[in-house]
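No value in this document is a laboratory result; all are computed from the given coordinates. Remember, it's a predicted structure, so these values are computed and weren't measured experimentally. Virtual Cβ from ideal backbone geometry, glycine too; neighbours counted across all protein chains shown.
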Amino acid sequence: MNLKVSSLSLAFLKSSAKLLFNSPQIRVPVFKKMSFESGKTMAEIGALLLFIPLPFLGIVGLILLLLGLKDLADYYKDNNIFQDALYAVIFGIIGTVVAAIFLISFLYGGAFIGMASPGSFLGLAIGALVGFALVLFVFYILMAWYFKKALDALADKTGEGMFRTAGTLLLIGAILTIIFVGLIIIFIAWILATVGFFSIKATAAPPPPPPSPTPPAP
């Protein structure tokens, strides 16, 4: 089941990347298998785009980040790097959608109730906002937890401790978003993760085996 979800999600990501970047210069690294350089470059660009406060660029950055992690997962032969990051994004999307539906339902319902009893609308609106925040909070912690797992796996494979620190700060920041200071911690965490992507280096290839001795002539 996990493999099926990952395969379908990867196909969607590749299709999205093809539509967003329909040029020969970008199609080659997107679809090249097990390429360290292409994965590293896409993860770097994706992480940088996440800092730009524009929704479209944020979506592009997220797609590039996931594709880059997929290439790095293939390179290091550890699918948990990509799969945990994918689960993190899925939890983030589900949380946002569920929270939005929750908020809209309560506000619309409260508006109708408010027509009959104006004094009760304010209480319903406050309750809707609190419920929206709680749903988003729970799913955001799940998202941060899976991103932490992906970054921890990447730290184990690359030897770059910056990823582990970034993952820990992401989780702490997600927990502390309830008092808003967590947003600053999350911002710092992504800065560290971005620095980590720029710092990793390809694993040195093992030396070729020595040539087999030539058997003596009879």
**OP:** Please work out how much length the chain gains when fully extended from Ile184 to Ala202, using 0.36 nm per residue of separation minus the C-alpha to C-alpha distance, in nm with one decimal.
**Re:** 3.3 nm
Original post:
Once phi is turned into ³J(HN,Hα) by the Karplus curve 6.51 cos²θ - 1.76 cosθ + 1.60 with θ = phi - 60°, what whole-Hz value does each residue of segment 61-69 show in order, with x for glycine and proline?
Top reply: x, 5, 5, 5, 4, 5, 5, x, 5
Subject >> Candidate aspartates and glutamates for bridging to Lys148, where Cα separation is under 16 Å - those fewer than 8 sequence places away on the same chain excluded >> reply: Asp78, Asp84, Asp156, Glu160
Subject >> Contour minus Cα-Cα distance for Ile93 and Ile172 (0.36 nm per residue) >> reply: 26.4 nm
Original post:
Among Met143, Met42, Met162, which comes first, then next, by fewest other beta-carbon atoms within 10 Å?
Top reply: Met162, Met143, Met42
